[in-house]
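Throughout, read-outs are computed from the coordinates displayed, never taken from laboratory work. All values derive from a computational prediction rather than experimental measurement. With ideal geometry, Cβ positions are generated from the backbone for all residues, glycine too; neighbour counts draw on all protein chains shown.
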Amino acid sequence: MTTERTSFVYVTFISAPPEKVFEALTSADITSRYWGHSNVSDWQPGSRWDHVRTETGVAELTGKVVEHMPPSRLVISWVNKSQETEPEAYSRVTFDVIPYDGMTKLIVTHDDLIKGSGMEQGVSKGWPIVLSSLKSYLETGTGLNVFAKPKAA
């Protein structure tokens, strides 16, 4: 039986050049400032990347670099560290960084997610705040609290 898969696409416009946006996706130092995690890799196709929680130093996600074309495109595989030996658990994230009339259009496509999985639920909640924090960081120098939770009414 084939596992049903799903995907999400997020589009954000950022008042920063594509080179800065791409650097913000691949620099461990910069990702730690707006994501609460450092994306650690040498970014060569086939290389491992780890998503390391800033406050604990523990890699929570991992994967491989599929495509690295600065400053326009990055494709990585994506899996919970605890599931890295399970090929079916992997999904894929594509970052398309496009110059757009003095700003940058960032398209993030997270596909090949197992429908109904914890990963699907996590990324559907995570990407909007992470991308908002990235935009805030690049435009103002300050990221958002990506671990914030809604206040009870």
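Loop by DSSP (not H, G, I, E, B), at most 10 other beta-carbon atoms within 10 Å: where is the longest site-free stretch of the chain for GluC sites (Glu not before Pro)? Don't skip to the end; give the middle numbers.
Details: sites that count: E4, E55.
Formally, the longest exposed-site-free interval is 56-153.
Each residue of the range 102-113 in turn: what ³J(HN,Hα) in whole Hz from Karplus with 6.51, -1.76, 1.60 and θ = phi - 60°, glycine and Pro shown as x?
x, 9, 10, 9, 10, 10, 10, 10, 10, 10, 6, 7
Mean residue ellipticity at 222 nm from the helices of the chain, using -39,500 (n - 2.57) per DSSP H segment of n ≥ 4 over the full residue count, to the nearest 500 deg cm²/dmol?
Values: 3 runs with 39 residues, N = 153.
The helix contribution divided over the chain gives -8000 deg cm²/dmol.
If amide hydrogens are placed 1.01 Å from N in the peptide plane, which non-local residues have theirs closer than 5 Å to the one on T54?
The answer is H37, S38.
Provide the gained length on full extension for the span E67 to I98, in nm with one decimal, where the gain is 0.36 nm per separating residue minus the Cα-Cα distance. Write out the running numbers ahead of the final one.
Numbers: separation 31, 0.36 × 31 = 11.16 nm, distance 1.59 nm.
Between E67 and I98, full extension yields an extra 9.6 nm.
Once phi is turned into θ = phi - 60°, what whole-Hz ³J(HN,Hα) does the Karplus curve with 6.51, -1.76 and 1.60 give for every residue of the range 9-26, x standing for Gly and Pro?
Each residue's phi maps through the Karplus curve to give 10, 10, 10, 9, 9, 10, 7, 6, x, x, 4, 5, 5, 4, 4, 5, 7, 10 Hz.
Tabulate in residue order the Karplus-calculated ³J(HN,Hα) for the range 32-48, using 6.51 cos²θ - 1.76 cosθ + 1.60 with θ = phi - 60°, rounded to whole Hz; enter x for Gly and Pro.
Whole-Hz 3J(HN,Hα) from phi for the range 32-48: 5, 7, 10, 10, x, 9, 9, 8, 10, 5, 8, 6, 8, x, x, 6, 6.
Of the trypsin sites (Lys or Arg not before Pro) in the range 32-120, which ones lie in a loop per DSSP and count no more than 12 other C-beta atoms within 10 Å? Numbers along the way, then the final one.
Working: sites: R33, R48, R53, K64, R73, K81, R92, K105, K115; in loops: K115.
Counting only loop positions with at most 12 other Cβ atoms within 10 Å, the trypsin sites (Lys or Arg not before Pro) in the range 32-120 are K115.
Running a GNM on the chain with Cα contacts under 10 Å, which residue among G126, G63, G143 ends up with the highest mean-square fluctuation?
The residue that fluctuates most here is G126.
If you average the C-alpha positions of the range 88-153 and of the range 1-79 separately, how far apart do those two centres end up, in angstrom?
For the range 88-153 versus the range 1-79, the Cα centre distance is 10 Å.
Pulled fully out, how much extra length does the chain show between V58 and S132, if you take 0.36 nm times their separation in residues and subtract their Cα-Cα distance?
On the way: separation 74, 0.36 × 74 = 26.64 nm, distance 2.37 nm.
Between V58 and S132, full extension yields 24.3 nm more.
Give, rounded to the nearest 20 debye, the magnitude of the charge dipole that the chain has about its Cα centre when Lys and Arg contribute +1 at Cβ and Asp and Glu contribute -1 at Cβ. Spell out each step's value before the answer.
On the way: 15 positive and 18 negative charges, 85 e Å.
Once rounded to the nearest 20, the dipole reads 400 debye.
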